[in-house]
Structures are given as C-alpha cells and as structure tokens.
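What follows is a short report on a single structure.
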Amino acid sequence: MKILVNGLLIDREEAAVDIEDRGYQFGDGVYEVIRVYNGVLFGLHEHIERLFRSAAEIGITLPYTAEDAEWDLQKLVQENKLTDGGVYIQTTRGKAPRKHQYDKGLEPQTTAYTFSVKKPENEQKQGAAAITAEDKRWLRCDIKSLNLLYNVMIKQKAYEAGAYEAVLIRDGAVTEGTSSNVYAVINGVVRTHPANELILNGITRVKILELINQNGIQLKETPLTEEELRQADEIFISSTTAELIPIVTLDGKPVGSGAPGPVAKKLQEAFQASIQQEIRIQS
Ligand code: PDD
C-alpha cells in the first residue's frame, strides 16, 4: 500500500509523523475525505477547492497547485488499484518547536492515503436512528479543520446510544450532524441550514441541493427550529461516506411515518444517477 507524503508516493510502513508537527500537537491543519467509485474520485475538483479555501482561512499557503493535488490523488488511487473506497488528504501547518504562535516560513506537511469503505446500504434503505445534542463547537464550522474533538465526543455519544448520527442544535436552531449535513422535509419543502460559518458546506450537500432544484422540489435554506425538526415529515443526512441516509427515529421517536420518505428516496435515486454520470464522464 502506497501513501502520499509531500507529493511522493512511499510505502505506508516508511511514513512517520514528526512529534512536533503542528497537526499532531494542535490540530493545526485541514483535511478532505473524497469518495472513490469505480476508480473515479467523485467531486474531486470541489473537494480540492474546499481544501484550498479551508487552508486560506487559517493562513496556510498550500505548497502545491490544485492541479498537482488532483493529479497526485489520481496517481495514488491508480497505484493502490482502488476501485471503490475513499481518499483522505490532510495538510498541516508544518513542524516547529511547540509554541502556539507560528513562524510564516514553516513547510506545510501533506499526507494522503486510500481506504476501503462499505456503502451503508442498510441505513440507506431502511433508514437510521439519530439523537440530538447541543452544538457546542467553535463558530468557524465552515473550515474543514483537523480539530474535531466535539464532533468526536458527540458521535461517540450517538454510537453508544445505538444511533448513526447526532443532529446538532445551536440556540434552538438545527445546524448539521457531527459528520454530515442535515435536512428536513416539511409540507413538501426541503429545509436545511444555510451555508455560513455555523456549518460545513458539504460537497454532497451542494450536489443534493442541485438535484433538489433539478427535480422541481421546493427548497428553503433557512435554519430549522428544534420543534420543526421534531415534527418534520422526513429527516435525512448527507456526507461523502453516508451519501444520503434517511433518519427514521430521532431521540427514539419515529420521524414522520417512521420509514424512509418519498423525498429522501427520490433524491437517493437522483444521487446514484449523478455518481454514474460522473463515472461515465471521467472513465
Ligand atoms: N465529514 N458536516 C461535517 C461536520 C462533516 O464532517 C462532514 C463530512 C459533512 C459533509 O460534507 P461532505 O458532503 O463534503 O462529505 C458535513 C467527512 C466525511 C469526515 O470527516 O469523515
């Protein structure tokens, strides 16, 4: 298995993290998770664009171009003969003696590797359980930073409660999941939090919003109240690895009919079709 370290493909066993890498010590870096279908990196361009945005927001100048990154990740996928799975890429600010402030001249450290992933087919078909939790994260959730401590704490809480995801609520408004975007359907209208500093603008979210428009479904990017969420006809989540999963119970109570709803099912079909289309275009 090869991994990518600063643009070079090396054996995984040969890779090492410096103990004073700021990513390792401060979570001072950014990352992306990209799905691979049939050897094709789905939404690659959009993911790399977001990586550059996240890096710029925290003052890291990436030492490669978007084209180089795309090329290198494609090479990595080919080298590892990955057909279905994913790629993780992260860039940290660099290595330096530990202090909070940093010198501008550090060399960012980039690593990327491939992994296999199982499509969550059961959850996609039958729906999944979610719990709710207070959103106590920082106020720059639009940056895909390595700092995921609160997300980790709450995802673990969901997992221990037998749920697939936790829906986060800040000041009475639904923001997103610990590692997904959240939508509800109320009287035929899809509602989801607007893409501002309180959520990560998911690449899957952007695709789903396009599909909502293409399918003539009504959409409102306005925050849902907790009460609206609890009374919604349908709830669903999206992410690179989950794709689109209907949420059929919330805090142990059924959502709508308690089964995946028609809007979620229609969008799942449309999403699968868009994957097939991208595979055809890029193969
Ligand atoms: N997480 N919101 C948060 C907080 C996320 O961590 C993610 C993705 C999303 C969905 O974004 P996208 O559609 O681009 O995957 C929303 C990734 C998959 C992860 O950390 O594993």
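The values are calculated or read from the model by the stated rules, or taken from the named source; none is laboratory data. Since the structure is predicted, the reported quantities are computational estimates derived from the model, not experimental observations. With ideal geometry, Cβ positions are generated from the backbone for all residues, glycine too; neighbour counts draw on all protein chains shown. Side chains included, ligands, DNA and RNA excluded: accessible areas come from the protein's heavy atoms. Shrake-Rupley method; radii C 1.70, N 1.55, O 1.52, S 1.80 Å.
Worth pointing out:
- The one condition from (1) surrounded by 20 or more Cβ atoms within 10 Å (Cβ to Cβ); (2) out of contact with any Asp or Glu (no Cβ under 9 Å at 6 or more places or on another chain) that Gly105 does not meet is (1).
- Meets criteria (closer than 24 Å to Ser274 by Cβ and open to solvent by less than 70 Å² (accessible area, probe 1.4 Å)) for Phe26: no
- Subset of the stretch 223-245 (residues that are more than 16 Å from the ligand (Cβ to nearest atom) and touching a residue at least 40 places away in the same chain (Cβ under 8 Å)): Thr225, Glu226, Glu228, Leu229, Gln231, Ala232, Asp233, Glu234
- Only listed residue being assigned by TED's automatic domain parsing to the domain that holds Glu134, in contact with a helix residue (DSSP H, G or I) (Cβ under 6 Å, 6 or more places away or on another chain) and over 20 Å from Gln124 (Cβ atoms), chosen from Leu219, Leu229: Leu219
- For the stretch 131-168, taking the residues that are in contact (Cβ under 8 Å) with a residue 12 or more places away in the chain and away from the ligand (no atom under 14 Å from the Cβ), the one that is farthest from Ala259 (Cα to Cα) is identified as Glu134.
- Any chance Val182 is assigned by TED's automatic domain parsing to the domain that holds Asp135, at pLDDT 95 or above and more than 11 Å from the ligand (Cβ to nearest atom): no
- With respect to the conditions (1) free of Cβ contacts under 8 Å to residues at least 60 places away in the same chain; (2) out of contact with any Ser or Thr (no Cβ under 8 Å at 6 or more places or on another chain), Pro260 lacks only one, and its number is (1).
- Candidate set: the stretch 106-134, residues that are basic (Lys, Arg) and within 18 Å of the chain's Cα centre (by Cα); chosen: the one farthest from Val255 (Cα to Cα): Lys118
- Output for the stretch 126-154, where each listed residue is in contact with a Gly (Cβ under 6 Å, 6 or more places away or on another chain) and of a type in the set (S, T, N, Q): Asn147
- Neighbours by Cβ (under 8 Å, 6+ apart or cross-chain): first from the stretch 7-35, under 24 Å from Asp84 (Cβ atoms); second open to solvent by less than 50 Å² (accessible area, probe 1.4 Å) and of a type in the set (Lys, Arg): Tyr31/Lys144; Glu32/Arg50; Glu32/Lys144
- Set Thr175, Thr110: member being touching a Leu at 6+ places or on another chain (Cβ under 9 Å) and within 16 Å of the ligand (Cβ to nearest atom): Thr175
- When restricted to residues that are farther than 12 Å from Gln109 by Cα and open to solvent by less than 90 Å² (accessible area, probe 1.4 Å), the stretch 1-14 contains 5.
- Meets criteria (open to solvent by 80 Å² or more (accessible area, probe 1.4 Å), touching a strand residue (DSSP E or B) at 6+ places or on another chain (Cβ under 8 Å) and at pLDDT 95 or above) for Glu123: no
- None of Tyr37, Tyr64 is of a type in the set (Phe, Trp, Tyr) and under 20 Å from the mean Cα position of the chain (by Cα) except Tyr37.
- Strands (runs of 3 or more DSSP E) within the stretch 166-283 that include 1 or more residues crowded, with 16+ Cβ neighbours inside 10 Å: 173-177, 181-186, 189-192, 234-239, 243-250
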